[in-house]
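No value in this document is a laboratory result; all are computed from the given coordinates. None of these values were measured; they are calculated from a predicted model. Positions of Cβ are backbone-derived with ideal geometry, glycine not excepted, and every protein chain shown enters the neighbour counts.
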Amino acid sequence: MGWTNSRRVAAWKRGWSASHAVFNCGLPHLRKLTFVHEVCGQPWAKRLIDCLTDAQRQVMAAPDQRLPQEDIAVIRQHYEAILSEGEAVNPPAPPRGKRGRTRQSFPVNLLRRLRDHADDVPRFTHDPRVPFSNTLAEQAIRMPKVKQKVSGCFRTAEGAAAFCTIRSYLATLRKQGSDLLHSLVLSFQGNVPQPRLSG
């Protein structure tokens, strides 16, 4: 779904730009870079994947998830250097006519977006409020999709409903910081921990 004007205004009122909300999530970038590396055969994409995932590990290991300014500067410099490497092997196609924009390759378009939003993509390295991945909804449905891929379907509607109930319950507890194993043990003992209500 694209960003409508009302969504842009809502994001602005919250103090976050639309580009910030869209481009600071690392998982879509990793998927696209993986495609460029594996399908298009371009090594720079793998180096950028390593750059972003290594930066994430550094942030997670840092006290209060705050990196020193020197480390942030090194990550940004590495990020920019890899983009320059990718741009060197993916020059934009020259204009073919006077009407409209010239169609570009997938790597060229990806590089352009990563360059245009170079402040947003690595924002997680210097803003503790920004996680590397903000796709909580995507994470919540990942296991049902894995289940669907492995077995193809659920054998009964009741089984599907039970699976979804359990996954939803555990996803809520995880977001609220609960110990999942302890919660499951209590549930089997008949003392089901109740998630906190929002609002």
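Descriptive notes on the structure:
- Counting neighbouring Cβ atoms within 10 Å and putting the fewest first, the residues R142, R113, R129 line up as R129, R142, R113.
- Dimensionless Rg over Rh [the stretch 136-188; C-alpha; Kirkwood]: 1.01
- By average C-beta atoms within 10 angstrom, highest first, the peptides 148-156, 26-34, 175-183: 26-34, 175-183, 148-156
- Rounded to the nearest 20 debye, dipole of the stretch 136-188 from Cβ charges on Lys, Arg, Asp, Glu: 220
- Ordering S105, A118, P95 by the projection of their Cα atoms onto the charge dipole of the stretch 66-135, which places +1 on the Cβ of Lys and Arg and -1 on the Cβ of Asp and Glu, puts P95 at the extreme positive end.
- Listed by Cβ neighbour count within 10 Å, with the fewest neighbours leading, I166, I75 appear as I166, I75.
- Placing a pseudo-label 7 Å from each Cα along the Cα-to-Cβ vector at V74 and R142 gives an inter-label distance of 2.8 nm.
- Taking only the alpha carbons of the stretch 56-151, we obtain Rg and Dmax values of 18.4, 54 Å in that order.
- Proportion of all alpha-carbon pairs of the stretch 55-111 beyond 19 Å (%): 52
- For the listed peptides 56-65, 119-128, a ranking on the average number of other beta carbons within 10 Å per residue, highest first, reads 119-128, 56-65.
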